[in-house]
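Take a look at the structure set out below.
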Amino acid sequence: MTLTPSRGLYLYLETMRIAFDDAIVTDDEAQILRILAQALGVAPSDTAECRAVVAGEVASPFDDGSEFGGHQVGDATTYQSALIAALDDDIISEDEWAMLDHLRHIIGLQADEHALIEESIRAMSEVDELGQRRVERLERYLTVCTF
C-alpha cells in the first residue's frame, strides 16, 4: 500500500518522527499520535506504513513537505486536542513536550491562538471533572514551554 500525500499525513508523520526520535514510544506519546491520526484524517491502516516511513524502511511520500506546512483552518483545534490528551495523563513528559512543540511550529500556531486555547482549557475546568488537574498541568507546561 502506498501513502497518498496530504497535509494531515504530513503533520502526522512529522509529529511521529519526534515521538520515535529516541526509538521508544511511550503510552502517552501513542495516545497523542492516536488523537492526531483521528483529527488529521490519517486512516488506521496507514499508521503502520507511517511507522515504516519514520523507520526509513519505506520512502516518504513527501519531497520536502513545504506545500503542506503553514497554518490552516482547524489547526488550533487539532493542537488543542493533542494538548488536552497530554494534560489528561499524570505528567507531560519531555517527549510529549517535544511533540507538542514541534506540532505547534509546523502548523504555525500564533501566540494569540495559543492564548485562546489556554483560555478554553481554563473555561472547561469549571465543568469538567478533570478540569482542575488539567489546569494545574497546563500551568506547569506553560512554565517549561513558553510562547
### Summary
Scanning the range 55-79 residue by residue, the ones that are outside any loop (DSSP other than H, G, I, E, B), at pLDDT 80 or above and not acidic (D, E) total 5
### Positions within the range 1-29 being more than 27 Å from H71 (Cβ to Cβ) and touching a Pro at 6+ places or on another chain (Cβ under 8 Å), in sequence order
T2
### Query
Does the range 9-21 include one or more residues that are within 16 Å of L142 (Cα to Cα) and not in a loop (DSSP other than H, G, I, E, B)?
no
### Query
How many residues does the range 99-124 contain that are surrounded by fewer than 17 Cβ atoms within 10 Å (Cβ to Cβ) and either farther than 18 Å from L36 by Cα or more than 17 Å from the chain's Cα centre (by Cα) (or both)?
10
### Message
For the range 53-76, which positions are farther than 30 Å from D112 by Cβ and either surrounded by 13 or more Cβ atoms within 10 Å (Cβ to Cβ) or acidic (D, E) (or both)?
### Response
V53, V54, E57, V58, S60, P61, D63
#### Entry: Selected residue (only one of L116, L103 is touching a residue at least 60 places away in the same chain (Cβ under 8 Å) and assigned to a helix (DSSP H, G or I))
L103
### Task
Considering every residue within the range 36-44, establish whether at least one is of a type in the set (A, V, I, L, M) and in contact (Cβ under 8 Å) with a residue 40 or more places away in the chain.
yes
### Message
Just to be sure I understand, how many residues within the range 22-54 are touching a Gly at 6+ places or on another chain (Cβ under 9 Å) and in a helix (DSSP H, G or I)?
### Response
4
### Query
Would a scan of the range 80-98 turn up a residue that is outside any loop (DSSP other than H, G, I, E, B), touching a Phe, Trp or Tyr at 6+ places or on another chain (Cβ under 7 Å) and under 28 Å from T2 (Cα atoms)?
no
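The values are calculated or read from the model by the stated rules, or taken from the named source; none is laboratory data. Remember, predicted model here, so these are calculated numbers, not experimental data. All Cβ positions, even for glycine, are placed from backbone atoms using ideal geometry, and neighbour counts span all protein chains on display.
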